[in-house]
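Data block below; observations after.
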Amino acid sequence: MFVASAFLLFFIGSRPAIEVYQDFLTIGERRIPWESVRKVDRTGWVSPLVLSLTLAHGERKLVVFPGDLDSTNSLLRHIRRFSREALIDGIPYRRFWGEEAALAERRSLSSPKYQLLRREDEEEVERLYQRLKTVGHIDPKKSPDEK
């Protein structure tokens with residue numbers, strides 16, 4: 001039992017470093033561009049974090065990150081956020097992050113129409129507007145000579 005636990009600790013401790021960049025993910029010496037990540041599947045393991053990445057050419061990569069809960073959650077969030085063309089746990093990227101719902105909601109919402117004037121005031125404004133269109137001015141006291 002001691003040998004098995006020692007082997008497990010050695011395996012977890014010897015995992016290559018994982019670095020997240022804007023354009024790619026680095027696991028040890030290997031660079032994986034975000035455009036090539038097609039699926040991000042999480043296993044039941046949270047700490048240490050164990051992920052399965054499926055790349056564009058069908059290759060599967062098992063990512064093991066031994067870290068505390070905060071750093072594993074941060075890494076998982078970054079990998080999910082940058083994998084724009086991937087299915088995240090079987091859900092398309094936009095639906096996983098709620099972008100489809102926000103986009104549909106934005107399309108369905110029109111600008112609200114608030115009633116600013118009472119009905120009588122609206123009729124008065126309409127009457128003044130029609131008078132302005134026909135006469136050219138609203139004030140009957142001023143003649144065109146007085147400006």
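Return a yes/no flag: does the range 6-13 have any residue that is modelled with pLDDT of 85 or more and touching a strand residue (DSSP E or B) at 6+ places or on another chain (Cβ under 6 Å). Write out each step before concluding.
Within the range 6-13, the subset modelled with pLDDT of 85 or more is 6-7.
Filter once more, so that each one left must be touching a strand residue (DSSP E or B) at 6+ places or on another chain (Cβ under 6 Å): none.
No, that holds for no residue.
Which members of the range 14-34 meet the condition of being in a strand (DSSP E or B), under 21 Å from the mean Cα position of the chain (by Cα) and touching a residue at least 24 places away in the same chain (Cβ under 8 Å)? Can you show your working first?
Pass one, the range 14-34, residues in a strand (DSSP E or B): 18-20, 24-27, 30-33.
Applying the additional criterion that residues be under 21 Å from the mean Cα position of the chain (by Cα) yields 20, 24-25, 33.
Of everything in the range 14-34, those that are in a strand (DSSP E or B), under 21 Å from the mean Cα position of the chain (by Cα) and touching a residue at least 24 places away in the same chain (Cβ under 8 Å) turn out to be Val20, Leu25.
Could you please find all residues in the range 74-102 being touching a residue at least 24 places away in the same chain (Cβ under 8 Å) and not acidic (Asp, Glu)? Even if it seems obvious, please write down each step before you answer.
From the range 74-102, those touching a residue at least 24 places away in the same chain (Cβ under 8 Å) are 75-76, 78-80, 82-90; that's our starting set.
Result: Leu75, Leu76, His78, Ile79, Arg80, Phe82, Ser83, Arg84, Ala86, Leu87, Ile88, Gly90.
Which residue out of Phe2, Phe7, Phe11 is over 30 Å from the mean Cα position of the chain (by Cα) and loosely packed, with under 10 Cβ neighbours inside 10 Å?
Phe2
Give the residues of the range 48-70 that are out of contact with any strand residue (DSSP E or B) (no Cβ under 8 Å at 6 or more places or on another chain) and within 23 Å of Trp97 (Cα to Cα), sorted by residue number.
Listed by number, the residues that qualify are Leu69, Asp70.
Among what's in the range 95-143 and is assigned to a helix (DSSP H, G or I), loosely packed, with under 10 Cβ neighbours inside 10 Å and of a type in the set (Ser, Thr, Tyr), pick the residue that is modelled with the lowest pLDDT.
Filtering first and then ranking leaves Ser108.
When only residues in the range 35-61 that are part of a loop (DSSP other than H, G, I, E, B) and not β-branched (Val, Ile, Thr) count, which is surrounded by the fewest Cβ atoms within 10 Å (Cβ to Cβ)? Write out each step before concluding.
So the first thing to find is which residues in the range 35-61 are part of a loop (DSSP other than H, G, I, E, B), and the list is 43-48, 56-59.
When the remaining residues are screened for being not β-branched (Val, Ile, Thr), the result is 44-45, 47-48, 56-59.
Values: Gly44: 5, Trp45: 12, Ser47: 14, Pro48: 13, Ala56: 13, His57: 7, Gly58: 7, Glu59: 11.
Looking at residues that are part of a loop (DSSP other than H, G, I, E, B) and not β-branched (Val, Ile, Thr), I get Gly44.
If I filter the range 62-90 down to residues being under 17 Å from Glu19 (Cα atoms) and in a loop (DSSP other than H, G, I, E, B), which single residue comes out as modelled with the highest pLDDT?
Ser83
The values are calculated or read from the model by the stated rules, or taken from the named source; none is laboratory data. All of these numbers come straight from a predicted model, not from anything done at the bench. So basically every Cβ, Gly included, is an ideal-geometry build from the backbone, and we count neighbours across all protein chains shown.
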